[in-house]
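Written out below as structure tokens is the structure these notes cover.
The values are calculated or read from the model by the stated rules, or taken from the named source; none is laboratory data. Keep in mind it's a predicted model, so treat the numbers as computed, not measured. As a convention, Cβ positions derive from the backbone with ideal geometry for all residues, glycine included, and neighbour counts pool all protein chains shown.
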Amino acid sequence: MNNVRPIEFNSSPKPTIGVEWEFALVDKESRDLSNSAARLFERVSELDNPSSGDRIHKELLRNTVELVTGICRNTGEAIADLSESLAVVRGIADDIGVDLFGAGTHPFAQWSTQQLTPGHRYAELIERTQWWGRQMLIWGVHVHVGINHRDKVLPIVSSLLNQYPHLLALSASSPMWSGQDTGYASNRAMMFQQLPTAGLPFQFQQWSEFEAFVGDQMHTGIIEHLNEIRWDIRPSPNLGTVEIRVCDGVSTIAELAGLVGLIHCLVVDLDRRLDAGEQLPVMAPWLVQENKWRAARYGLDAIIITDSDCNERLVTDDLTDMLTRLAPIAKDLDCVDELASVAQIPVRGGSYQRQRQKFAETGDMVAVVDSIVTELDR
């Protein structure tokens, strides 16, 4: 039986971007997660500015708020958009006794005390995934980049996997879970892939392959809607973008700007290389999978596989060359400073390293939460 379902891709005329930034809500006193999102969204609905509701979204659990940009030309516009929403949310959060927490996981919260956001979509997810679904105390950053033709989308998705470990290592911010150090830089990356349609994407090259895959998924009841494919990097046909969902939650505006600028440059670089007639480099799925694990486990100290010949290199050394190569594109995209700032993340220490350092100094996971909350003011 032919299950292929045509999927229209609403092409973006220019490589515009959009960003989704997830935060946990933590109690000002206990520093535990707070199921207070309903109160926050009630206050948002009372604001005079109706556009605020479009920029501030609910998520699976009542301990989470997501800030979403409009369509932006460059990183600077996206950060300005998010900063405006951030100011609104922080003001309301302060009034109701919570702070915003920007990391991939919370150091000591227990999943059993978290409340689900009302809605059929979320209830169905938990009903299907059960224990694993309830464990999803995770937060991340998603970046959309516009693509002008659907035939470019899947080659870009597949080739972008070569840079997966760089993005995960730079953003890794989830070393602790349920009161313990997991030994991983990004436990979030390991957790999220337990959901049945999450994890690394299949490396399709033709749009028809993706349509056939989606048709099979829908025919067999695995998904009902396209957005239930929760890959780490995925096509977003309705928006006309490639969506990069690799990054852990981020605690500072500066680091967020650097990561957004880097992702924008990486996608535009691949797009232009396709226009020039180049066949984009890809690596075998087993190498991509290994790189994901290495970056999740070792973060900025990961030795990654760089090509199909299985050459290996320290991720930060490879990052240095990548930033140099992307500099001309950053100039075109007006994100020179943001891209250059990425080099400072390993110098300053990644979030997972800063969290471990704080715990080593204090022996107190509440102090770790305090430090992440405070970083939002940097």
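Data for the structure
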read-out	value
Cross-chain or 6+ apart pairs with Cβ under 8 Å, segment 165-179 first and touching a residue at least 60 places away in the same chain (Cβ under 8 Å), then assigned to a strand (DSSP E or B) and among the polar types (S, T, N, Q)	168/186; 171/186; 172/186; 173/186; 174/186; 175/186
Candidates 343, 360, filtered to the one that is modelled with pLDDT of 95 or more, out of contact with any helix residue (DSSP H, G or I) (no Cβ under 7 Å at 6 or more places or on another chain) and not charged (D, E, K, R)	360
Filter result for the condition that a residue is on the phi > 0 side of the Ramachandran plot and part of a helix (DSSP H, G or I), over 261, 299	299
Total residues in segment 359-375, condition of a type outside the set (A, V, I, L, M) and over 24 Å from the mean Cα position of the chain (by Cα)	5
Given (1) part of a helix (DSSP H, G or I); (2) at pLDDT below 90; (3) not basic (Lys, Arg), number of the condition residue 85 does not satisfy	(2)
Candidate set: segment 88-128, residues that are farther than 26 Å from residue 353 by Cβ, crowded, with 16+ Cβ neighbours inside 10 Å and not β-branched (Val, Ile, Thr); chosen: the one modelled with the highest pLDDT	93
Every residue from segment 324-378 that is in a helix (DSSP H, G or I), among the small types (Gly, Ala, Ser) and over 12 Å from residue 251 (Cβ atoms)	327, 330, 340, 341, 360, 367
Residues located in segment 202-229, provided they are part of a loop (DSSP other than H, G, I, E, B) and not charged (D, E, K, R)	202, 203, 204, 205, 206, 220, 221, 222, 223, 225, 229
So residue 56, is it farther than 27 Å from residue 125 by Cβ, of a type outside the set (Asp, Glu) and under 19 Å from the mean Cα position of the chain (by Cα)	no
Every residue from segment 1-21 that is out of contact with any Lys or Arg (no Cβ under 7 Å at 6 or more places or on another chain), part of a loop (DSSP other than H, G, I, E, B) and within 20 Å of residue 148 (Cβ to Cβ)	6, 7, 8, 10, 12, 13, 14, 15
Tally, over segment 178-201, of residues that are modelled with pLDDT of 95 or more, in a strand (DSSP E or B) and either crowded, with 23+ Cβ neighbours inside 10 Å or in contact with a helix residue (DSSP H, G or I) (Cβ under 8 Å, 6 or more places away or on another chain) (or both)	3
Positions within segment 232-244 being part of a strand (DSSP E or B) and surrounded by fewer than 18 Cβ atoms within 10 Å (Cβ to Cβ), in sequence order	none
Output for segment 61-80, where each listed residue is surrounded by 19 or more Cβ atoms within 10 Å (Cβ to Cβ) and in contact with a helix residue (DSSP H, G or I) (Cβ under 7 Å, 6 or more places away or on another chain)	62, 63, 64, 65, 67, 69, 72, 75, 78, 79
Segment 45-69 residues that are at pLDDT 85 or above, paired with ones that are assigned to a helix (DSSP H, G or I) and among the charged types (D, E, K, R) (beta carbon under 8 Å, 6 or more apart)	55/81; 55/84; 67/55; 68/54; 68/55; 69/55; 69/77; 69/81
Single match in 49, 3, 35 (criterion: within 30 Å of residue 152 (Cα to Cα) and surrounded by fewer than 20 Cβ atoms within 10 Å (Cβ to Cβ))	3
Near pairs, Cβ below 6 angstrom, 6+ apart or cross-chain, from segment 201-217 (within 17 Å of residue 147 (Cβ to Cβ)) to any residue that is aromatic (Phe, Trp, Tyr) and part of a loop (DSSP other than H, G, I, E, B)	210/204
Boolean, residue 138 is modelled with pLDDT under 95, β-branched (Val, Ile, Thr) and part of a loop (DSSP other than H, G, I, E, B)	yes
